[in-house]
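The block underneath contains the structure these notes are about, expressed in structure tokens.
The values are calculated or read from the model by the stated rules, or taken from the named source; none is laboratory data. All of these numbers come straight from a predicted model, not from anything done at the bench. As a convention, Cβ positions derive from the backbone with ideal geometry for all residues, glycine included, and neighbour counts pool all protein chains shown.
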Amino acid sequence: MLIDYQKANIYQTDEVILQNVDFHVDEEQFVYVIGKVGSGKSSLLKSIYCEVDFDKADAEKAEVLERNLLTLKRKDIPALRREMGIIFQDFQLLHDRSVKQNLQFVLKATGWKLQKEIDERILKVLEAVGMQDMSNRLPHELSGGEQQRIAIARALLNQPKIIIADEPTGNLDPDTAEKIVGLLYEISHSGTSVVISTHNLGMIDKFPGRVYKCKEHTLTDVTKEYADQ
């Protein structure tokens, strides 16, 4: 199991946002986290990559990629994050660098040394998202959908076991949003699990997966509600 939370309380500053969370993600799963703004979706996702801390006394279990988050030392967090891909709503690309330079920056920062291997990996992830002809473009020369595809390529660079996508379609038009979710859905069926938070419930019918709902400080598995529709 890639993520295993049992009876975990998740905080934002000193306030409990989600109580008694049971949340599980297996290999090659596509998992939605839905709920209104402020319901705890982002806090849940941030807890996975240790942007939000647990109170160590407030969980029976909190494991991500075989690490115990209740005892994980801060110096070990970067190594955990290197096994994940993280995608944000606002892309977070470096605007003064080309697409290739954005991706190269990540690889070098995570220990890649040989330029030939760097170039080969960049080409492979750009091909995976259909952006191999855009490597020399600057982010401002790309549409929102194209920038999000580059953000997905960046998330794939280190062959992550899991991708965390926090409202990745929030700034995109409906057609582009559908293509982005479809791309992430394909990725989840090729060896990398995906956890995606979204307001767009229509996507669940088109790209079915496990569905968790944040509401009134609780997280509930509501997959069956959508499977029955």
Worksheet entry | Scope the stretch 50-63; condition surrounded by 18 or more Cβ atoms within 10 Å (Cβ to Cβ) and either over 17 Å from residue 20 (Cα atoms) or out of contact with any strand residue (DSSP E or B) (no Cβ under 9 Å at 6 or more places or on another chain) (or both); matching residues | 50
Worksheet item: What number goes with the only condition from (1) more than 17 Å from the chain's Cα centre (by Cα); (2) without any contact (Cβ under 8 Å) to a residue 12 or more places away in the chain that residue 186 does not pass?
Response: (1)
Fill in: Candidate set: the stretch 137-183, residues that are farther than 23 Å from residue 97 by Cβ and surrounded by 22 or more Cβ atoms within 10 Å (Cβ to Cβ); chosen: the one nearest to the chain's Cα centre (by Cα)
164
Worksheet item: Does residue 196 satisfy the condition of being part of a strand (DSSP E or B) and modelled with pLDDT of 90 or more?
Response: yes
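Return the only residue of 55, 14, 96 being at pLDDT 90 or above and farther than 17 Å from residue 155 by Cβ. Step through it out loud before you land on a result.
Numbers: 55 fails: at pLDDT 90 or above; 14 fails: at pLDDT 90 or above.
Testing whether each residue is at pLDDT 90 or above and farther than 17 Å from residue 155 by Cβ leaves just 96.
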Worksheet item: Among the residues of the stretch 91-121, how many are under 12 Å from residue 150 (Cα atoms) and in contact (Cβ under 8 Å) with a residue 24 or more places away in the chain?
Response: 9
Worksheet entry | Hey, residue 18 surrounded by 15 or more Cβ atoms within 10 Å (Cβ to Cβ) and outside any strand (DSSP E or B) or not | no
Fill in: Residue satisfying all of: in the stretch 106-130; within 22 Å of the chain's Cα centre (by Cα) and exposed (fewer than 14 other Cβ atoms within 10 Å of the Cβ); farthest from residue 168 (Cα to Cα) among these
111
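Can you tell me which residue in the stretch 48-60 is farthest from residue 200 (Cα to Cα), limited to those that are free of Cβ contacts under 8 Å to residues at least 60 places away in the same chain and either among the hydrophobic types (A, V, I, L, M, F, W, C) or assigned to a strand (DSSP E or B) (or both)? Can you show your working first?
First pass over the stretch 48-60, keeping only residues free of Cβ contacts under 8 Å to residues at least 60 places away in the same chain: 50-60.
If we keep only those that are either among the hydrophobic types (A, V, I, L, M, F, W, C) or assigned to a strand (DSSP E or B) (or both) too, we end up with 50, 52, 54, 57, 59.
Numbers: 50: 26, 52: 25, 54: 28, 57: 35, 59: 30 Å.
Here the residue is 57.
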Item to complete: Search the stretch 21-47 for residues being surrounded by fewer than 18 Cβ atoms within 10 Å (Cβ to Cβ) and part of a strand (DSSP E or B), and hand back the single one that is nearest to the chain's Cα centre (by Cα).
Response: 24
